[in-house]
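Input: a single structure, listed below in structure tokens.
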Amino acid sequence: MTTGLWDRETFAEKLRAIGVRAYHDKHPFHVMMNEGQLSPEALRGWVANRFYYQRNIPIKDAAILSNCPVRDVRRIWVHRILDHDGVGHPAGRSSCDAGDHGLAGARHSTEGGIEAWLRLGEACGLSPHELLEDRHLLPGVRFAVDAYVNFARAQPWPIAIASSLTELFAPDLMTTRLAAFEKFYPWIDPGGLDYFRRRVRQARRDSDEALAISLEYCNTLELQREAVRALGFKCDVLWAMLDAIHQAYGGSKAAAP
């Protein structure tokens, strides 16, 4: 029985292989979205439910930080919370607390991904209140996202970080998604697509950081194997979200509003 570590190249390849096999870009609903086959209702359903995932990302990352005793890792990881929550707002209020009228101020250079996703919702015809109050949230999506946050809280921090490595595959996904939205869904205000544009760059940086940390701190064969399983779990979370959305909304194309 092999007891030695995988070398870094083998470990990285095993992580990447998970995405090749199981990343959610292969889900039928996601394929339909990129092929322009979603009705406005289905696309709004995806935006509304995906928002629950977006708003829980900084909570997940805070859980990882709370478990991590390594200062250098915390200093690298902490920007992820600011990337999504933002780093300030005029008059000292978050746009998430300011209601519909707060989004004008959210177009500040320090806005986070949550505000950018709220603008995507507005561009699709969803009010901020609808998203912030979870009016369209499906039980299956809530369950999957909550399971991911709980996983990050409960697992050793290197394993929780490894679960985030779906980011390895995100830049290509975001580039393809942006092109699909611009081509097939012209009824969406292009300004609402800023989240996708910024994530192309951010996901490359984030995945490089997370991969380097995983390669460094998953330093036993057991941790390496757990890291691969954690990434598989994260892919399952994203897939389960789309299962619930697909079941609720289908995706058959209808006339734009």
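Return a yes/no flag: does the stretch 197-208 have any residue that is in contact with a helix residue (DSSP H, G or I) (Cβ under 8 Å, 6 or more places away or on another chain), open to solvent by 20 Å² or more (accessible area, probe 1.4 Å) and at pLDDT 95 or above. No, that holds for no residue. Across the stretch 1-19, the qualifying residues are those that are polar (S, T, N, Q) and in a loop (DSSP other than H, G, I, E, B), and the one among them that is most open to solvent (accessible area, probe 1.4 Å) is Thr3. Quick check on Glu216: is it at pLDDT 95 or above, open to solvent by 60 Å² or more (accessible area, probe 1.4 Å) and under 14 Å from Ala12 (Cβ atoms)? In short, yes.
Would you mind stating whether Ser95 is buried (at least 19 other Cβ atoms within 10 Å of the Cβ), at pLDDT below 95 and in a loop (DSSP other than H, G, I, E, B)?
Yes.
Residues of the stretch 169-196 that are open to solvent by 30 Å² or more (accessible area, probe 1.4 Å) and within 28 Å of Leu223 (Cβ to Cβ): Phe169, Asp172.
Trp239 passes every criterion in (1) farther than 21 Å from Ala147 by Cβ; (2) in contact (Cβ under 8 Å) with a residue 40 or more places away in the chain; (3) under 14 Å from the mean Cα position of the chain (by Cα) apart from (1).
Among residues of the stretch 172-187 that are under 19 Å from Leu126 (Cβ atoms), those with a beta-carbon under 6 Å from a residue that is open to solvent by 50 Å² or more (accessible area, probe 1.4 Å) and at pLDDT below 95 at least six positions away or on a different chain give the pairs Trp187/Ala256.
Within the stretch 1-30, residues that are farther than 15 Å from Leu165 by Cβ have Cβ atoms under 6 Å from residues that are at pLDDT below 95 and not in a helix (DSSP H, G or I) in these pairs: Phe29/Gly251, counting only partners at least 6 apart in sequence or on another chain.
If you check Arg50 against the conditions, is it out of contact with any Pro (no Cβ under 8 Å at 6 or more places or on another chain) and basic (Lys, Arg)? Taking the combined requirement at face value, the residue satisfies it. Evaluated against (1) within 13 Å of the chain's Cα centre (by Cα); (2) outside any helix (DSSP H, G or I), Leu126 falls short on exactly one condition, (1).
In the stretch 31-53, the residues that are touching a residue at least 40 places away in the same chain (Cβ under 8 Å) and more than 14 Å from His136 (Cα to Cα) form Cβ pairs under 7 Å with partners that are in a helix (DSSP H, G or I) and open to solvent by 20 Å² or more (accessible area, probe 1.4 Å), at six or more places apart or across chains, as follows: Asn34/Thr176; Gly36/Lys183; Gly36/Phe184; Leu38/Met32.
When you scan the stretch 185-199, do you find a residue that is more than 22 Å from Glu115 (Cα to Cα) and among the basic types (Lys, Arg), even just one? Taking every residue of the stretch 185-199 in turn, none turns out to be more than 22 Å from Glu115 (Cα to Cα) and among the basic types (Lys, Arg). Within the stretch 20-65, if we keep just the residues that are open to solvent by less than 20 Å² (accessible area, probe 1.4 Å) and outside any helix (DSSP H, G or I), the residue that is nearest to Leu126 (Cα to Cα) turns out to be Ser39.
The values are calculated or read from the model by the stated rules, or taken from the named source; none is laboratory data. Since the structure is predicted, the reported quantities are computational estimates derived from the model, not experimental observations. So basically every Cβ, Gly included, is an ideal-geometry build from the backbone, and we count neighbours across all protein chains shown. The protein model used for the area step is the full one, side chains on, heavy atoms only, and it has no ligands, DNA or RNA in it. Shrake-Rupley method; radii C 1.70, N 1.55, O 1.52, S 1.80 Å.
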